[in-house]
1. Could you calculate the FRET efficiency of I279 with A224 from 1/(1 + (r/R0)^6), where r is the beta carbon distance between them and R0 is 25 Å, rounded to 0.05?
2. Just check segment 269-314 against the gyration tensor rule for me: Cα atoms, a ≥ b ≥ c as the square roots of the eigenvalues, rounded for a/c under 1.5, and otherwise prolate or oblate depending on whether a/b exceeds b/c.
3. Could you tell me the calculated FRET efficiency between L68 and V270, based on Cβ-Cβ distance and R0 = 45 angstrom, to the nearest 0.05?
4. Quick one: if you stick a label point 7 Å off each Cα along the C-beta vector at V305 and S194, how many nm between them?
5. Report the calculated FRET efficiency for Q242 and K317 (r = Cβ-Cβ distance, R0 = 30 Å), to the nearest 0.05.
6. Quick one: if you stick a label point 7 Å off each Cα along the C-beta vector at Y131 and D96, how many nm between them?
Amino acid sequence: MKITRKILAAALAALLALAPLFIFPAAAETEGAVLLGDVDGDGQINTTDARLIAGYVVGQFTENDLNLSAADVNGDGVVSVYDVLLVLRFSCSCIDSFPVEGGGGSTDSAGGGQSDASVTFSIGSPIITQYPDGAMAYIPINATASAVAACTLELSYNPSVMTFDGSVYYNINYGSYGDYNSSQNSLWMAHGFSDKVRLCFIPTSPKDGNPAGTVAYLPFRLAAGASFSSDPNISNFNIQVQECRDFAGDFIHIVKLKGDVNGDGKIDTVDARLVLQNIIGKLTFVNMNCFDVADVNGDGKVDTVDARLILQYIVGKITSFD
């Protein structure tokens with residue numbers, strides 16, 4: 001009996017000695033766990049994380065600037081503007097968990113379906129401001145639908161007459177521009193490339209919904225001698241929507257207005273003039289999306305037939321291009 005007790009005591013001592021080998025690896029694994037949404041690694045999920053993800057989406061930041069493994073909070077394998085919205089909603093206590101975590105708590109859908117909503121984006125009238133070192137044009141980007149919760153788009157332009165100036169007002173990094181409204185929890189961020197601007201935005205409060213209207217103002221510096229009235233290339237902006245989602249994370253249908261060549265939301269003589277200037281070589285369309293809306297009869301080319309149809313639409317002789 002004494003021998004048996006000694007053997008049991010020795011066995012128990014051996015097990016206790018081995019216990020740390022089983023306990024500590026598990027503790028280390030917990031310490032190294034990724035906190036979803038916390039892309040800057042400070043242990044908190046807040047608007048700073050949302051802005052970092054937005055910066056990555058528009059091309060301002062790279063994978064070296066944030067923890068991408070914590071950024072994909074809806075679990076679709078892509079870091080997008082919808083992840084920005086979810087992190088922003090988490091930061092203002094609209095939700096208390098992310099779709100990728102699966103169930104439990106208040107959370108949003110992982111999304112990915114097709115929304116019943118549709119939206120048209122357009123470019124508003126520029127606000128021109130003169131400075132000692134030249135003129136600035138602030139270009140409003142407008143949306144027609146209240147269903148838009150998160151969106152990424154690109155605005156193409158002619159770099160020979162103007163350049164995107166991200167150093168104005170809110171300079172996160174040269175070539176980038178953005179705004180965060182703490183009272184509404186709205187956010188937008190833009191980053192400029194050689195001939196385009198990529199814009200990521202959460203239009204207004206993720207708590208209360210998004211009214212239609214202007215979602216962002218983009219600053220451009222005009223080349224010496226250029227003006228909106230004298231140079232048709234300045235009006236040759238074009239919007240290409242990359243991703244647009246509602247609060248459920250479903251994709252919203254983007255409506256392209258045929259004939260609206262300059263993307264201001266209406267069809268008028270300016271559009272007809274731009275088509276004619278393209279035909280004679282005075283103006284070059286900046287991308288295929290611009291070409292598509294100018295080719296109103298859908299024959300694969302932009303010519304005088306398209307210009308004539310646009311003029312007929314303007315005077316009321318036709319009511320559609322179908």
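1. FRET efficiency, I279 to A224: 0.30.
2. Because a/c hits 1.5 or more and a/b fails to exceed b/c, segment 269-314 counts as oblate.
3. Values: r = 43 Å, r/R0 = 0.96.
About 0.55, to the nearest 0.05.
4. 3.5
5. It comes out at approximately 0.25.
6. Between Y131 and D96, the label points sit 4.7 nm apart.
None of the figures in this text is laboratory data; all of them are computed from the coordinates on show. Here the structure is a predicted model, which is why all the values come from computation and not from measurement. Note: ideal-geometry Cβ built from the backbone for every residue, glycine included; neighbour counts use all protein chains shown.
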